[in-house]
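Visitor: One structure is given below, represented as structure tokens, and several questions about it will come after.
Every number here is computed from the coordinates shown, using simple stated rules; none is lab data. The shown structure was predicted, so the numbers you read here are calculated from the model rather than taken from an experiment.
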Amino acid sequence: MGNHMAGLQVQIRPWSEDHLHLELLYRLNVPEMLEHLGGPESDEQVEKRHKRYVEVQSLGSGCMYSIWLADHPVPIGNAGFWDSGWQGSTIYEIGWGVLPSFQQRGIASAATAAVIEQAKQQKKHRFMHAFPSVDNPGSNAICRKLGFAFMGECDFEYPKGSFMHCNDWRLDLESGV
């Protein structure tokens with residue numbers, strides 16, 4: 001599954017138990033990547049996250065992917081979608097992250113667009129939401145670029161027990177709006 005953007009060949013690959021995936025989670029677990037998401041996790045939390053990412057597809061509740069560049073030997077980010085409850089409905093929630101040295105090159109947009117196509121093929125939920133922090137201009141720009149509709153600001157629980165002020169972006173997986 002690939003997408004060409006900004007002259008780069010961006011690919012997404014389903015998450016696996018492969019050690020490269022666990023190493024990627026550790027590389028993403030740094031303050032500059034998680035400033036809008038409650039900060040870095042403990043090693044135990046990272047390993048639990050890896051296990052959840054591996055299991056989500058077999059549970060039928062979404063899919064996580066690693067993000068690769070065609071000419072790069074290791075993954076440089078992750079993106080995925082999962083079942084979530086929002087305002088009384090079951091939706092897909094989507095999220096992504098690209099290592100700082102690969103940001104602002106269109107990679108997250110290309111990978112997220114590919115993930116959205118995978119979610120559409122599931123034909124499970126009509127709506128997909130993204131909840132980037134109001135203070136995260138990069139992720140909010142990706143939502144705008146990919147056609148999500150801005151639904152308003154909200155407080156969203158993440159990580160568990162902590163609330164962050166977010167923008168609620170919604171994509172209609174049936175009509176694309």
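Visitor: Under Stokes-Einstein, with the Kirkwood radius over Cα pairs standing in for Rh, what whole-number D in µm²/s applies to segment 121-167 at 4 °C and 1.567 mPa s?
Guide: Working: Rh = 11.8 Å.
Calculated translational D: 110 µm²/s.
Visitor: Let me ask another. Take a quick pass over segment 2-172 and tell me how many lysine pairs come in under 24 angstrom between Cα atoms, counting only ones 8 or more apart or on separate chains.
Guide: Value for segment 2-172: 6.
Visitor: Could you tell me which helices of the chain pass both thresholds, a Cα extent of 15 Å or more along their own axis and a mean Kyte-Doolittle hydropathy of at least -0.5, with helices taken as whole DSSP H runs?
Guide: Result, helices passing both filters: 107-122.
Visitor: Rounded, prolate or oblate: which fits segment 87-177, taking a ≥ b ≥ c as square roots of the Cα gyration tensor eigenvalues, rounded meaning a/c under 1.5, else prolate when a/b beats b/c? Can you show the working numbers first?
Guide: Values: a/c = 1.64, a/b = 1.03, b/c = 1.59.
Since a/c reaches 1.5 but b/c is at least a/b, the shape of segment 87-177 is classed as oblate.
Visitor: Averaging over every viewing direction, what projected area does the convex hull of the Cα atoms of segment 2-172 cover, in nm²?
Guide: Values: hull surface 37.4 nm².
Directional mean of the projected Cα hull area for segment 2-172 stands at 9.4 nm².
Visitor: Picking from Gly106, Gly152, Gly88, which is most flexible by a Gaussian network model of the chain using Cα springs under 10 Å?
Guide: Comparing Gly106, Gly152, Gly88 in a Gaussian network model of the chain, the most mobile one is Gly88.
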